[in-house]
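A short worksheet on the structure shown next.
The values are calculated or read from the model by the stated rules, or taken from the named source; none is laboratory data. Predicted model only: the values in this text are computed from it and were never measured. Cβ atoms come from the backbone with ideal geometry, glycine included; neighbour counts cover every protein chain shown.
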Amino acid sequence: MPNSLLRKAFPAIALSAAAMLIASTAFADKSNDTLRAALQIEIANLDTYYDSAGSVSLLSRHIWDSLTYIDPETSELVPLLAESYSFPDETTMELVLRKGVTFHDGSAFDADDVIYTLNWITNSDNGAKTIADKKWIKSVEKVDSHTVRIQMQAPNAMAARFLTSFPIYPTDIYAVNGAGAMNITPIGTGPYKVASMETGSAYTLERNDAYFADGPKGTASIKTLMVRIIPDPSTQIAEILSGGLDWIYKVPADQASEMSGYDGLVVRGEATSRLFYMVMDAAGRNGEDSPYKNKLVRQAISHAIDRQGMVDAFVGGGAAVQNAFCFSKDFGCPQDAVTYDYDPDKARALLAEAGYPDGFSTNLSGWRDRPYVEAIQNFLGEVGIKAEINYVKLAPLKEEWFAGQRPLIYGSIGSQVADVGNFVPEFFGLTDRDLVRDSELAGWLVEANMTTDVEARRELLHKAL
């Protein structure tokens, strides 16, 4: 695989994360068609444009819809509030909107709402933040009541996927209460509407019986969702055991394992969109004598780390080893990537072949997941690589990383758009964080993110990964 990302700087530990969830099979309020759930992270603002907490994102997808949607089972990109979309030219995206959709207050959804929302979030004076990039939007134009045209700053193959992260709000929703509007008038088009709430602590959602049944989300199967914010996992567990809750998630793996045998409880591990990785200084930015410039050293490290063991010990069910720097279901992620089995003996042999029979000393940097970093340190030590951990906050680590001063880095990244083009170019596109500096590889990634030809993109991304 000449000049491939895997040859240049294979991320030695590529694991996807999992969220352990527990549900009661009894449903204490089943007769009332009600599910009682708990979330851990406190909510300051129900508006995902002003609060990026995971709890907000989860609730938002029940209350609001976006123009496009990623099927959680297949990762396929499909229209949602849009009925279809096309690219009349390389910098124009045209969307035909779904007709007959209404907001929870009964008002009709149309092009004006799309224009209002996108103009609001792209106006820097409003302070709106988005998970996905919004800088690609140059302007939004109304063609007719159910057609909008987005002018892009430059060709952008990710545009339709970025739109999955932009919930659409009714026109002038911010006029009276500004950024706090969704804590007062949380009006959307989604399968659930807010019936009542105690801001930051409790939310009751009722099924939206007017929701369009032919959409990819489908209609809600449960009439009422009662959601409470309970930060302490132990309190959540106590409540589900006593019958006060029906569903909890992000349960620590060890506690979830202990509860798997309880009668009346279902324990499941579900994959999340977070990837754990390691970056090696393949370009020698940390110095011309960097051992990571040697392909054999990079391969040795990849064989030295027991990735499946780390999944089993730290993450639990639902997580998986990823053989490329992407999620296996993401668009553009190769299914035939080179694999590196856990083989310490092979790692030692490769180090010896590379000229390091006794290993070498190195710095291992990280800013989160200390047990993971320490496990990696131990695995490296077993094959002769003596790694000194530099555990710091992300901001100072980024400064040194981007300056090429950190040769080996552990980190993690999340992605909600199910496309390799969302984050891989950040690591291999000649950016500050790129420790590979391969112009040919970067060129493939740039080209892939500029063409809307699906098969051409797939081929370019496969070549890179």
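Yes or no, residue by residue, for (1) assigned to a loop (DSSP other than H, G, I, E, B); (2) within 16 Å of Ala159 (Cβ to Cβ):
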position	(1), (2)
Glu73	yes, no
Val78	no, yes
Ser84	no, yes
Leu95	no, yes
Thr117	no, yes
Thr130	yes, yes
Wholly inside the stretch 318-429, strands (runs of 3 or more DSSP E) that include 1 or more residues that are surrounded by fewer than 21 Cβ atoms within 10 Å (Cβ to Cβ) and under 18 Å from the mean Cα position of the chain (by Cα) are 408-414
Note on Phe276: of the conditions (1) closer than 30 Å to Val78 by Cα; (2) not assigned by TED's automatic domain parsing to the domain that holds Gly316, unmet is (2)
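Yes or no, residue by residue, for (1) in contact (Cβ under 8 Å) with a residue 40 or more places away in the chain; (2) over 30 Å from Glu459 (Cα atoms); (3) not aromatic (Phe, Trp, Tyr):
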| residue | (1), (2), (3) |
| --- | --- |
| Cys333 | yes, no, yes |
| Ala337 | yes, no, yes |
| Asp343 | yes, yes, yes |
| Ser365 | yes, yes, yes |
| Asp369 | yes, yes, yes |
| Glu374 | no, yes, yes |
| Glu382 | yes, yes, yes |
| Lys386 | no, yes, yes |
Q.
Residues that are of a type in the set (D, E, K, R), crowded, with 20+ Cβ neighbours inside 10 Å and part of a helix (DSSP H, G or I): does the stretch 295-307 have at least one?
A. yes
Discussion item. If I filter the stretch 369-378 for residues that are at pLDDT below 95 and aromatic (Phe, Trp, Tyr), do I get at least one hit?
Written reply: yes
Checking Ile248, Ile229, Ile222 in turn, the sole residue that is closer than 24 Å to Leu46 by Cα, among the β-branched types (Val, Ile, Thr) and in contact with a Gly (Cβ under 7 Å, 6 or more places away or on another chain) turns out to be Ile229
- Item | Hey, Ile150 part of a strand (DSSP E or B), aliphatic (A, V, I, L, M) and touching a residue at least 40 places away in the same chain (Cβ under 8 Å) or not | yes
| request: Would you check if Lys129 is closer than 25 Å to Lys193 by Cβ and not acidic (Asp, Glu)? | output: yes
